[in-house]
Structures are given as C-alpha cells and as structure tokens.
C-alpha cells in the first residue's frame, strides 16, 4: 500500500527496474529511505546492482557521517534519490532477478546499547531462510494474504525481517508509512481491508494501551526490540482483542524464537534452530551443518526447543565481590511507586580509581533522590545503591526503544537537570 493505493507485483518490478537505472555505480549504499515502499524498491535495486546495503543503527548525523568515513566508497541513498518514482513510466523488467544464496547483500549494525555499534554481514540466503522460518511460525504460509502496518524502521533487523523480507517472501502487503503516535497507528491499520498485522515495539505498545482508543480488528500484534512485560501485554490484549506475539532475536542472528507472553514465559526456537552452551557462553546453530553464532545473552534451556532468557552477558556486574544484574536492578527501580522510568548502568571509570560504583537515571517528577534511594535500600544490597542517582525528565530512547550506552553516559555526565530528546510514545526500552 503506497500513497493510498495497492502496488501490484508487476508495478513493483517496474519501479525496481527504474531505480536500478538511477543508482550510482558504487559498492555500498547507506540506505536511509524513511518511506517503507521506497526502501523496499531501493533495497531490491541495490541487490540487483550487486551493491551491499549498509543499515545504520539510527539516523543521527553523527552516526551517518561515521559510517560514511568507515566505508568511503559508499553513497547515501535516501528518499530524494527516488523522486519521480510515482510517475515512473513502464520500464523493461526482463532479465534474471534470482540472487545467489551466498552473496553478501547487507551489513546490519547493532544498536550500540552495550557499546560501539558492530557490523553483522548478511547473505541473501540467510535473510530468505530467516523470513521463511518466521512465515511458517506465524502461519503466513496458509490462509488469505495479510496486510501489515509497521512502526519500526526498516534499517533495524526486526524491521528489515518483518516489513521488508516477509513481504518479499510471504506475500504480505505492507503499508508504506511508519506511524508514530497512537491514533496515527490505528488510522493506518484502518486503511487496510484484509486481515491485519501490527509490527511494533513495547515503546509504542505502552502508548497504545491507553484507554479510549478504537482498535480495528487485528489478526495479531508482533513485538520486539525490547523486553515486553506480561502486564503490558495483557493490557494490549484487553484493549485490542488481538494476541500479542514476541520475537526474540539479535542483529547477529536475526529472529530466533517466539512466544506469546500473556500465556507463556518460555521462548520456542524457530525452524531448525538449536541453542547450545559452550565454554564461553551460548551459541545458536541456525540449521544442521551451519556455523554457530555466539550470542550475548544467558539462557536456561528447558528442553531441545524451549528456553528462558536470564539476561545479557554485559548485564552482570561485580561490585565489592557481589554479583548483580543491571536488568534486575532496573526492574526494582521502575517498580517503586512514583517512578515512571529508570535505568541502572556501570560507568566506564570511577573517580580516583576507587571501587566501581553503579549509577542510575530516573524519571520520577514527584519524588526526590533521598526517597528513591530509601525505597531501593529496602529491595537491593547496599553495594548496588547508585552513586550517583540522577533525576531526568525522560530517558534517551531511540526510535526502536533502545537506550544507547553513549547517550546514557552523556546524560549522566551533564551538569544540572538532564532532558532527553522528546519521545511521544514514552515507555521502556531488544531484537
């Protein structure tokens, strides 16, 4: 669905052929299109022109400049390079559109929530296999064609798999927009006339759970990029009447597993995936004979197919000989009455080379730091109490609900009250 009308497969092929004629002859393209259909056209054109697509973790000027310097032969491919697409005439679409499975087609960068963004190469075969595993798990290979609205950017691994690869591999029609505000999301869903799917994040679901919103009928809601609480999932189910499914994954491996948190806590692996413990952590084996992928999380395997997530390797801290989890501490901070949001972190350095101390940022307009620390002292060991604990107006979430470590450290180091960039959806911030 683009500019209010459906786009046929034949017209899509014409648009891709038109774009192929206009792309610069470069080895890589930093794909920045915000319009999802233009992204889909540009992505496909790059594949046919044998250009590797670079997908940045965010669209900040600093991040894009850094990527351009890292890949000096690349060019920036944004919506403006596809001006004229709507009026493109009939274009020759003959030729072989098949791609070798082993061709590297994209570099997906991590969000930077645990440090510097890392590049993860993707072959065409890997992306297709991942989309087909999700298609089978969600039942999209049966029944009528579905229609989708996605609030996540296609540059993110979750957005790429669900709103770009699934339409290419599962016959799903995707809305070209990326609505942000709750009513805009619901209005976009109402534009669709088939079985509807919403692909979104906990950041948006928190806003969509507000009472009084009129939901259209949905087949299901798909969430990822950050942990989703059972409480929020149940609120959304009650408001929408649709089941909320979660995708667990990461930039390194893509989608790994699914669950429906309103009725289950364990995750179930997709396809032929297998999860195995090694000496230095856990590894995902996508299929028999494939190379294992080292994961950044810790798990408890319930059986050959199901597991529980215990946290990230980088989530564990050792303070004064005691081990703790930043995620668990953050959860206890957010559970304090009057605290709207918050996060624990371990700064890079401690003044004077002293024993490292945890820090925390908290959104609590009606509480002072003394009251918050007193409440925390009843729930956690004294060595984990944050020094400093800094009150801020809001946390610096990205558009996918991530909290980049660099942004948190900058906010922690800023003098005086801190104000994060405005986020209309609010909420907590992983795929």
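Nothing in this text is a laboratory measurement; each read-out follows from the coordinates by a stated rule. Because the structure is a prediction, the values reported are computed rather than measured. Every residue, glycine as well, gets a Cβ built from its backbone with ideal geometry; the counts of neighbours run over all protein chains shown.
Results, tabulated for the structure shown:
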| read-out | value |
| --- | --- |
| Residue order, fewest to most surrounding Cβ atoms within 10 angstrom, among 234, 46 | 234, 46 |
| Three-way shape call for region 229-371 based on the alpha-carbon gyration tensor, with the a/c threshold at 1.5 | oblate |
| Convex hull volume per residue for region 1-56, taking Cα atoms only, in Å³ | 74 Å³ |
| 77, 376 arranged by Cβ crowding within 10 Å, fewest neighbours leading | 376, 77 |
| Modelled FRET efficiency - R0 30 Å, residue 73 with residue 9, Cβ distances, 0.05 increments | 0.35 |
| Contact order relative to length of region 173-308, as percent, for alpha carbon pairs under 8 angstrom and 6 or more apart | 14 percent |
| Cα coordinate range in the chain, projected on the principal axes (Å, largest first) | 70, 49, 47 |
| Ascending count of other beta-carbon atoms within 10 Å, so fewest first, for 240, 60 | 60, 240 |
| Percentage relative contact order, region 226-276, counting C-alpha pairs under 8 Å, at least six apart | 27 percent |
| Expected 222 nm ellipticity per residue - DSSP helices of 4 or more, -39500 (n - 2.57), all of the chain, to 500 | -7500 deg cm²/dmol |
| Tensor-based shape of region 153-224 (alpha-carbon gyration tensor, a/c under 1.5 rounded, otherwise prolate or oblate) | oblate |
| Rg and Dmax of region 301-418, Cα atoms only, in Å | 15.1, 51 |
| Share of alpha-carbon pairs per 5 Å distance bin for region 223-294, given as whole % | 3, 15, 23, 20, 15, 11, 7, 4, 1 |
| Region 251-377: relative contact order in percent, alpha carbon pairs under 8 Å with at least 6 residues between | 13 percent |
